[in-house]
Structures are given as C-alpha cells and as structure tokens.
Amino acid sequence: MNHVCNFSPGPSMLPLPVLEQAQKELVCYGDSGMSVMEMSHRGKPYLAIYEETERRLRDLMEIPDSYAVLFLQGGATEQFSAVPLNLMQSGKADYIDSGNFAHLAAAEAARYLAVSTVASSRDDNYTYIPDWQGKLNADADYLHITTNNTIYGTRYTALPDSGSVSLVADMSSNILSEVYDVTKFGVIYAGAQKNIGPAGLGVVIVRKDLFGHASKLCPKLMNWEKQAENQSMINTPNTYGIYMAGLCFGWLQGLGGVKAMEKVNIDKARLLYDCIDDSKLFTSPAKKEYRSRMNVTFVTGDAETDDAFVKEASKAGLVNLKGHRSVGGMRASIYNAMPVEGVEALVAFMKQFEAARR
Ligand SMILES: *Cc1c(COP(=O)(O)O)cnc(C)c1O
C-alpha cells in the first residue's frame, strides 16, 4: 500500500525520514543491544537520548537556561489542570476564549480558581481571535491563550501584552511551526501529536521563577518544579515518545530549524487559501486576518457535497479531511511533517472536484 497524504488534525503525519530512522533502530538502538523501548529510563544510554532531545528543543526554540523544559505524560489536557495548580497566588486568572480547547482549558481551571473570560468569540462560532485590548486584569495570576485554534482554523497574529502578568500559552497545534520569542511567555505547553512527535507526551516550557506557587492539592506528577528537579522522571516517562520527539527535532534542525520551516508553512498555507479564494465552490469560515497556517477549514455550504468531497479525496489518497462536527465541511491539517507536495496534490484535487461539478 502507498503512503497516503494524511491531513489528520492529530495524531498526525510524522516526517517519513523519522519513521524510517525509527524503523532502522527499532530492534537494536546503537550498540546498546536492545530497543529504546526496553531501556531503563535511568540508564546511561536512555539519559543520553533524553538530554539530546531536550538540547535539540532548546536549540530550535532558543529556550534560555532560565526556563525548564519538561516532557510529561497526559498531553495538553493534563496541563489544563496543571496550569492553575502550579500558578496559584491570588487565585484569579484571565482566559481568552478563542476556540474549543481554550474553552475547555478555562472550564478546567475554574475548578481551582476564579476564571475571568476576558474576551470570547464563542458567539460567532470562533471565526476570529477576540479583542482583548483594555480587558485584561492586572492582578491575575496569569493570562491564558491558545495560539492556534485547531478546530476553527484561526491563529493569533499578535500576542497580548499582559504586562507583569505571566502569559501562558497552549501551543499544541502550532509549536515549532513559526518563530516565537520564548521570553515573552511564562509558560508554553503542547501535546506532542501535532508538531512534536507521536501522542502520549506533553511538552512544558516554564520560566523557573514561577516555581514555588504550586497549590497543596497539586499532584506530584503535575508539579512542574518537582518534575524539573527530576528530569521529568518522578516516575517512568514516555521513553519511546521522547525518543521519537528527539528524532523529529533532529529532522527539523536538519531542514534549517523553525525559521526555515515557518517559510515553508507560509507557502503551504498560501497555496491552499489561494485555491479557496479563487474557487466559486469553497469558502473558509475563518476570518481572513486570523487564518491558521496549520489547520485550514473550508466548506462548500452543502453537506452532501462536503461528504462527497471527503469520500472522493480519500479514494485519491488524501485522507482525514473531514472537518470537526462543530464547523462541518473540511479541514486540512498541514503541520510541519506535511510536505508541500501533499498540499499541491490537495489543491489539484480541489480544482478537479470543482471543475467536475460545474
Ligand atoms: C489537540 C489539542 C489539545 C488536546 O491535546 P491532548 O494532548 O489530546 O490533550 C489541546 N489544545 C490544543 C490547541 C490542541 O490542538
């Protein structure tokens, strides 16, 4: 069977060279005589993998030593709870409600502290990033944002200036896809299964001066400070997931890093949005100025035609294009691992589909 173009929102495509390298090393890693999956997480060979993985991420994102980098289990959703539990001081936090995951993050935080939803685009089905100007609370413990809204296909084009209030970002669906200045954030977190590696892993980047405020209720495994003291190994970490993330980081370094990838991503997104804008059949529900470069949503306006598109595309080897039920239509997730050729194939298919219906 041929390798298909997988537009899944997550778990999503992994770079083919990474899969091939993992395959080569699957049974026997280096001269260790065993698979990475069989290694002790406390042994030298594995610690070398862990440390190299962290080094690569630090290099890719230019993460200063004043930040800890953690590789935890529980994905992004676990961090919805860990964020309030680690940053609790006044017991108040601001959330910008820009999509489904932003909404879930706020709902989870509200179990532990007083959440102010300072801006929301929920009433317009999250077609844009809501305006936060003049609405932020200076006494909040942190301000939480979701830099890219995976389901609705929108992204922040500018970051809120939260002053002395720490900016906390769920970057699950656009981490490593564009250049961010890490020092603008108190905390960055992401589930791995979009732009980092396979599922089962969450990455947390946290400024160390934020340590020391964890709630007494904060479970040990969610306590960032304790995890940082233990190289994310209070208990057995997702050893293979971390190894795979390291391979993906190495692959990205080889391509020139995040800056080079950002250029490719801009080109990929432009190809697809140009096709949508030139089309008389497809439109994108996301407002133009907030269009995501990672998740491109589009609809025909007719549910049957949408269904036919998804089915026929799948037959042509372009799979997982069905949109989330809350938006309908189609969504093409074009993370770092999606090659330009995959997007070109989708654009060609869209043109052909439209021509056949004229
Ligand atoms: C996918 C996603 C999540 C959920 O990630 P899990 O790792 O499954 O918990 C959260 N936030 C955003 C922005 C996402 O794209």
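The values are calculated or read from the model by the stated rules, or taken from the named source; none is laboratory data. Everything numeric here is computed off the predicted structure, so don't read it as measured data. Don't worry about glycine lacking a Cβ; one is built from the backbone with ideal geometry, like all the others, and counts go over all protein chains shown. Heads up: the accessible areas ignore ligands, DNA and RNA and are worked out on the full protein's heavy atoms, side chains in. Shrake-Rupley method; radii C 1.70, N 1.55, O 1.52, S 1.80 Å.
Exactly one of these conditions fails for F7: (1) within 16 Å of the ligand (Cβ to nearest atom); (2) of a type in the set (A, V, I, L, M, F, W, C); (3) in contact with a Cys (Cβ under 7 Å, 6 or more places away or on another chain). Give me its number.
(3)
Of everything in the stretch 51-83, what is more than 16 Å from the ligand (Cβ to nearest atom) and either at positive phi or touching a Ser or Thr at 6+ places or on another chain (Cβ under 8 Å) (or both)? Give them in sequence order. Outline the logic, then answer.
Of all residues in the stretch 51-83, those more than 16 Å from the ligand (Cβ to nearest atom) come to 51-69.
The answer is E62, P64.
Quick one: count up the residues across the stretch 1-56 that are within 26 Å of I151 (Cα to Cα) and at pLDDT 95 or above.
Our first condition is that a residue be within 26 Å of I151 (Cα to Cα); within the stretch 1-56, this holds for 3-16.
Checking which are at pLDDT 95 or above leaves us with 5-16.
Looking only at that region, the number is 12.
Mind checking which residues of the stretch 270-308 are in contact (Cβ under 8 Å) with a residue 24 or more places away in the chain, over 13 Å from K351 (Cβ atoms) and assigned to a loop (DSSP other than H, G, I, E, B)?
Of everything in the stretch 270-308, those that are in contact (Cβ under 8 Å) with a residue 24 or more places away in the chain, over 13 Å from K351 (Cβ atoms) and assigned to a loop (DSSP other than H, G, I, E, B) turn out to be S284, P285, A286, K287, S292, R293, M294, T300.
Just checking, which of I196, I276 is in contact with a Leu (Cβ under 9 Å, 6 or more places away or on another chain) and buried (at least 16 other Cβ atoms within 10 Å of the Cβ)?
Details: I276 fails: in contact with a Leu (Cβ under 9 Å, 6 or more places away or on another chain).
Sole residue among the options that is in contact with a Leu (Cβ under 9 Å, 6 or more places away or on another chain) and buried (at least 16 other Cβ atoms within 10 Å of the Cβ): I196.
Of (1) free of Cβ contacts under 8 Å to residues at least 12 places away in the same chain; (2) in a helix (DSSP H, G or I), M37 satisfies all except one. Which?
(1)
Considering only residues that are within 15 Å of the ligand (Cβ to nearest atom) and under 18 Å from I49 (Cβ atoms), which ones fall in the stretch 203-241?
V203, N238, G241
Taking the stretch 107-127 as the region of interest, how many residues are of a type in the set (A, V, I, L, M), in a loop (DSSP other than H, G, I, E, B) and either open to solvent by 20 Å² or more (accessible area, probe 1.4 Å) or at pLDDT below 95 (or both)? Break it down into steps so the answer makes sense when it comes.
We begin by selecting, within the stretch 107-127, every residue of a type in the set (A, V, I, L, M); these are 107, 109-110, 113-115, 118-119.
Now drop any that are not in a loop (DSSP other than H, G, I, E, B), which leaves 110, 113.
Add one more test, that the residue is either open to solvent by 20 Å² or more (accessible area, probe 1.4 Å) or at pLDDT below 95 (or both), and what stays is 110.
Residues flagged as of a type in the set (A, V, I, L, M), in a loop (DSSP other than H, G, I, E, B) and either open to solvent by 20 Å² or more (accessible area, probe 1.4 Å) or at pLDDT below 95 (or both) within the stretch 107-127 amount to 1.
Considering only the stretch 245-263, I want to know if a residue exists there that is modelled with pLDDT of 95 or more, part of a helix (DSSP H, G or I) and in contact with a strand residue (DSSP E or B) (Cβ under 9 Å, 6 or more places away or on another chain).
Of the residues in the stretch 245-263, the ones modelled with pLDDT of 95 or more are 245-263.
Imposing the further condition that a residue be part of a helix (DSSP H, G or I) reduces the set to 245-254, 257-263.
Next, from what is left, pick out any that are in contact with a strand residue (DSSP E or B) (Cβ under 9 Å, 6 or more places away or on another chain): 245.
So far as the stretch 245-263 goes, yes, one or more of its residues are modelled with pLDDT of 95 or more, part of a helix (DSSP H, G or I) and in contact with a strand residue (DSSP E or B) (Cβ under 9 Å, 6 or more places away or on another chain).
I'd like the residue in the stretch 179-188 that is within 16 Å of the ligand (Cβ to nearest atom) and closer than 13 Å to M61 by Cβ and, out of all such residues, is most open to solvent (accessible area, probe 1.4 Å).
In the first step, residues of the stretch 179-188 are kept if they are within 16 Å of the ligand (Cβ to nearest atom); the result is 180, 185, 187-188.
Filter once more, keeping what is closer than 13 Å to M61 by Cβ: 180, 185, 188.
Values: Y180: 33, F185: 1, I188: 2 Å².
Filtering the stretch 179-188 for residues that are within 16 Å of the ligand (Cβ to nearest atom) and closer than 13 Å to M61 by Cβ, the one most open to solvent (accessible area, probe 1.4 Å) comes out as Y180.
With the requirement that a residue be within 16 Å of the ligand (Cβ to nearest atom) and either within 12 Å of I96 (Cα to Cα) or open to solvent by 30 Å² or more (accessible area, probe 1.4 Å) (or both), what does the stretch 150-167 give you? Step through it out loud before you land on a result.
Let us first name the residues in the stretch 150-167 that are within 16 Å of the ligand (Cβ to nearest atom), namely 150-156, 159, 167.
Within the stretch 150-167, Y156, L159, L167 qualify.
Just need a number here: residues in the stretch 205-252 that are on the phi > 0 side of the Ramachandran plot and either free of Cβ contacts under 8 Å to residues at least 24 places away in the same chain or surrounded by fewer than 19 Cβ atoms within 10 Å (Cβ to Cβ) (or both).
Filtering the stretch 205-252 down to residues on the phi > 0 side of the Ramachandran plot leaves 212, 231-232.
From what is left, the residues that are either free of Cβ contacts under 8 Å to residues at least 24 places away in the same chain or surrounded by fewer than 19 Cβ atoms within 10 Å (Cβ to Cβ) (or both) are 212, 231.
Matching residues across the stretch 205-252 total 2.
Say we look at the stretch 84-106 and pick out the residues that are open to solvent by 60 Å² or more (accessible area, probe 1.4 Å) and farther than 20 Å from V204 by Cβ; which of these is farthest from the ligand (Cβ to nearest atom)? Explain how you work it out, then say what you get.
So the first thing to find is which residues in the stretch 84-106 are open to solvent by 60 Å² or more (accessible area, probe 1.4 Å), and the list is 89-90, 92, 101, 103-104.
Retained after the next criterion (residues that are farther than 20 Å from V204 by Cβ): 90, 92, 103.
Values: S90: 25, K92: 22, H103: 10 Å.
Filtering the stretch 84-106 for residues that are open to solvent by 60 Å² or more (accessible area, probe 1.4 Å) and farther than 20 Å from V204 by Cβ, the one farthest from the ligand (Cβ to nearest atom) comes out as S90.
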